[in-house]
2 protein chains.
Amino acid sequence: MSVLDIRPARLTDLPAIVAMLADDPLGAERESPDDLSPYTAAFERLAADPHQHLVVALRHGRVVGTLQLTIVPGLSRRGSTRSIIEGVRIHADERGSGLGTQLIEWAVAESRRQNCRLVQLTSDASRTDAHRFYERLGFAASHVGFKMAL
Amino acid sequence: MSVLDIRPARLTDLPAIVAMLADDPLGAERESPDDLSPYTAAFERLAADPHQHLVVALRHGRVVGTLQLTIVPGLSRRGSTRSIIEGVRIHADERGSGLGTQLIEWAVAESRRQNCRLVQLTSDASRTDAHRFYERLGFAASHVGFKMAL
């Protein structure tokens, strides 16, 4: 496969990103790719927060992957800053291409560059393939992730 | 017990907060309460980020609990903003007093006030009492939490 470009997401990338969010066993129920207005408002909130890094991966100029990296300062672990990875999505055509690895490696490198001491993420308990993927990349499944919808 | 006050943490609360972080089976190995300088630097990073809410709970003017709430915008779930709870600590004298419940209820109410659609947190797999506590409060243990130290 050709060289990949990873760069900050732009508003014009939004249809492609939302299509990837929706093309997912869990996302299919949660997303509304035919109505981009809530995503546009969220994109503006992300763009206004310097601790948010929403990126896309492009191959031949086409958006084929995305993730969101959040930088979170904190007191614990001697005042360590950590990063949180959310919203990892890979286009169906690219699964198995190594793109997921490249995106996560980008996130880990960017976290180091921003002096984070810890990178963390949660993965739905049903995504067992994703769990093996993260463990292969060096993550430890050390925590239980709790969520409450409001 | 007397009425509890929950308010934003101040720099003068830092020794009491760090003492609570260190007085914990996992925190004992990770924290350095005799050297506050890394915590002071982290406090300044937290204070500079409007999406971070580090709070303390006080009883009779004494710091007896703390948590950190982070507001995270995002694209998934139709552009939902979520909140993340980190660094929940309750003073040893207060365990079983209901203070943990009051702190988490504060965080949930603040998350609603800030239009979050989801509140999430991770808890070390070894903290089984904490897991029951969060489930009683309405959280679902739906995810696996992955971490990588840098």
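Looking at segment B:62-74, which of the residues that are more than 7 Å from chain A (Cβ to nearest Cβ) and closer than 17 Å to B:Thr12 by Cα is most open to solvent (accessible area, probe 1.4 Å)? Applying the filter and picking the extreme gives B:Arg62. Remark: pairs (first residue in segment A:23-50, within 28 Å of A:Ser111 (Cβ to Cβ); second residue of a type in the set (Phe, Trp, Tyr); Cβ separation under 9 Å; 6+ apart in sequence or on different chains) = A:Glu31/A:Tyr39.
Total residues in segment A:120-139 satisfying the condition of being open to solvent by 40 Å² or more (accessible area, probe 1.4 Å), facing chain B (nearest Cβ under 7 Å) and closer than 10 Å to B:Met148 by Cβ: the figure is 1. When every residue of segment B:103-111 is checked against the conditions, none turns out to be open to solvent by less than 50 Å² (accessible area, probe 1.4 Å), within 12 Å of the chain's Cα centre (by Cα) and among the polar types (S, T, N, Q). Against the numbered list (1) closer than 12 Å to A:His143 by Cα; (2) in contact (Cβ under 8 Å) with a residue 24 or more places away in the chain; (3) not in a strand (DSSP E or B), B:His131 comes up short only at (2).
In segment A:75-102, the qualifying residues are those that are within 8 Å of another protein chain (Cβ to nearest Cβ) and on the phi > 0 side of the Ramachandran plot, and the one that is nearest to the chain's Cα centre (by Cα) is A:Gly87.
Can you tell me how many residues in segment A:106-124 are free of Cβ contacts under 8 Å to residues at least 40 places away in the same chain and in a strand (DSSP E or B)? Looking only at that region, the number is 5.
The values are calculated or read from the model by the stated rules, or taken from the named source; none is laboratory data. Just so it is clear, the structure is predicted and the values come from calculations on it, not from any experiment. Neighbour counts are summed over all protein chains in view; Cβ atoms, including those assigned to glycine, are modelled from backbone coordinates with ideal geometry. With ligands, DNA and RNA removed, areas are computed over all heavy atoms of the protein, side chains included. Shrake-Rupley method; radii C 1.70, N 1.55, O 1.52, S 1.80 Å.
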